[in-house]
1. Is it true that Tyr323 is in contact with a Ser or Thr (Cβ under 6 Å, 6 or more places away or on another chain) and within 19 Å of Ile347 (Cα to Cα)?
2. Sort out which residues of the stretch 119-147 are open to solvent by 40 Å² or more (accessible area, probe 1.4 Å) and within 30 Å of His255 (Cβ to Cβ), and write them in order of number.
3. Could you check Gly249 against (1) of a type outside the set (Lys, Arg); (2) open to solvent by less than 10 Å² (accessible area, probe 1.4 Å); (3) at pLDDT 95 or above and say which number it fails?
4. Name the one entry in Thr387, Thr376 that is surrounded by fewer than 17 Cβ atoms within 10 Å (Cβ to Cβ) and under 30 Å from Asp72 (Cα atoms).
5. Which residue, of Ser68, Ser105, is in contact with a Leu (Cβ under 8 Å, 6 or more places away or on another chain), in the same structural domain as Asn135 (by the TED database) and polar (S, T, N, Q)?
6. Check whether at least one residue in the stretch 417-431 is buried (at least 20 other Cβ atoms within 10 Å of the Cβ), at pLDDT 95 or above and touching a Ser or Thr at 6+ places or on another chain (Cβ under 7 Å), and report yes or no.
7. Listed residues Leu251, Leu284; which is in contact with a helix residue (DSSP H, G or I) (Cβ under 9 Å, 6 or more places away or on another chain), under 18 Å from Thr197 (Cβ atoms) and not aromatic (Phe, Trp, Tyr)?
8. What number of residues within the stretch 314-341 are surrounded by 14 or more Cβ atoms within 10 Å (Cβ to Cβ) and over 17 Å from Pro406 (Cα atoms)?
Amino acid sequence: MDAATSLKKKLALLLVVALIFILLFNVNLPNNNNKSIPKPSGPAGVCSLGVSEQTITPLKNTKHLLVSAYVDQRVKDLDIRIIGIFKRDSIQPLHCVFCCTNVLSKTTPATILQHSDHFGFPFATTDVMCQIPQNCKATHVTLLTTPDKESASDSTWLPIRNQKSDRQKEENVKFDFTVCISNLFGDYNNVLQFAETLEMYRLLGVNRVVIYNTSCGPELDRLLQSYSDEGFVEMVPWPIDKHLNPSRGWLHSEHGGDVHYFGQLTTLNECIYRSMERSRYVLLNDIDEIIMPYQHKDLMSLMNTLQNQNPNTGVFLIENHTYPKKTFNQSKWGPLPQWNGVPGFDIMVHIYREEPNRNIYHPHKLIVQPRAVQQTSVHDVLMMSATKFKVPPDVCRIIHSPIRTPTDPPLDRLHVDTRLWDFKDKLLPNVIKVLQRAELLRSETQN
């Protein structure tokens, strides 16, 4: 028994010594994992962290949202315009800080410009203007609530867009016409109207369509993905419903919510700046609207004429005309494809135009030179550096084919307008082609 007890004590002692040795060894052993991913130190590392990859970015320590930042030196002593959505009753002093080739700049005071159109909603489109410090080659910008730049260490940075080299400045813009479609949301799935409208714009000379997408129906999503793959459509994710309670209407007193019509005012402004260095003209309209020339074969010939007649004009107001849905007589107007299994309706059957009541306010939509615009609303420009011109409706007007209209006027009060049919022979085969490419025609379309 004594021998067994002695052996147990020796084994226990040996185990204790081994444990102590292991602990001492681990304490002194270099941590190779920490060496393989060194922690950033100093300002150089700060700028490489926290760059936003989202289209909507919350601003730290505020109730505000940031969208994008662009070079804009049209305002004296200011260089950068940050587009945001700000809580109107919570505006506070802000300070700009920049990444200057991965080194933090000193802070500069921000100039906050809230847009005048907000339709009573708590949140409004807001521009924040910043001055870049001297000797700073800025690549990213963020906003702080204090002038202490050290607080930028855990901020989220926005890349600065529209920076061009001298060579790029000399090159011509890439596109003649860009169409900005402000918002898609809900389960909107009007595939046929969307395809016809986009193909109509293509025939009119549009090079790019920018669409801000919160959500849409599955078939429309498939169509838009096909257009995006082709390069004709640029899809911008717009998850405004993840940050605010967006309204489905335009007036806060009637529709409630945090922000007007899913942030439509912000997306229209963002699209202008997104297109500023790459498009000669920008069309601001909804997807159920086509800005249609009536005395010219396409948009370029229209704008050449208008620009020659109005050389100092940068904003062209196009009058809205509604085309309510009425029974279409194919025996009178000719057969149309049946569009088997395609969701939505055919705009080609909307040939009856309602004369607008010009004794009351009547909306327009816009064709603008983006470099002439600083701020826009839906139906007019808020700040610009050029004059504007109302285009006569016999020269150009909007073909507006809504899903439903507030009134249902009788046929004897409507005008027959078959302008879309002038493009029928090219338009319809193109629509069939894009729907087949997206695998949205269930069977051969019948004429």
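The values are calculated or read from the model by the stated rules, or taken from the named source; none is laboratory data. Keep in mind that what you see is a predicted model, and the values were worked out from it rather than measured. For neighbour counting, all protein chains shown are included, and Cβ atoms are generated from backbone atoms with ideal geometry for every residue, glycine included. To get the accessible areas, we keep the full protein, side chains included, count just its heavy atoms, and leave off ligands, DNA and RNA. Shrake-Rupley method; radii C 1.70, N 1.55, O 1.52, S 1.80 Å.
1. Spelling it out, Tyr323 is indeed in contact with a Ser or Thr (Cβ under 6 Å, 6 or more places away or on another chain) and within 19 Å of Ile347 (Cα to Cα).
2. Phe119, the sole residue that qualifies.
3. Condition (3) is where Gly249 drops out.
4. Thr387
5. That would be Ser68, the only listed residue that is in contact with a Leu (Cβ under 8 Å, 6 or more places away or on another chain), in the same structural domain as Asn135 (by the TED database) and polar (S, T, N, Q).
6. No: zero hits.
7. Leu284
8. Within the stretch 314-341, residues that are surrounded by 14 or more Cβ atoms within 10 Å (Cβ to Cβ) and over 17 Å from Pro406 (Cα atoms) number 11.
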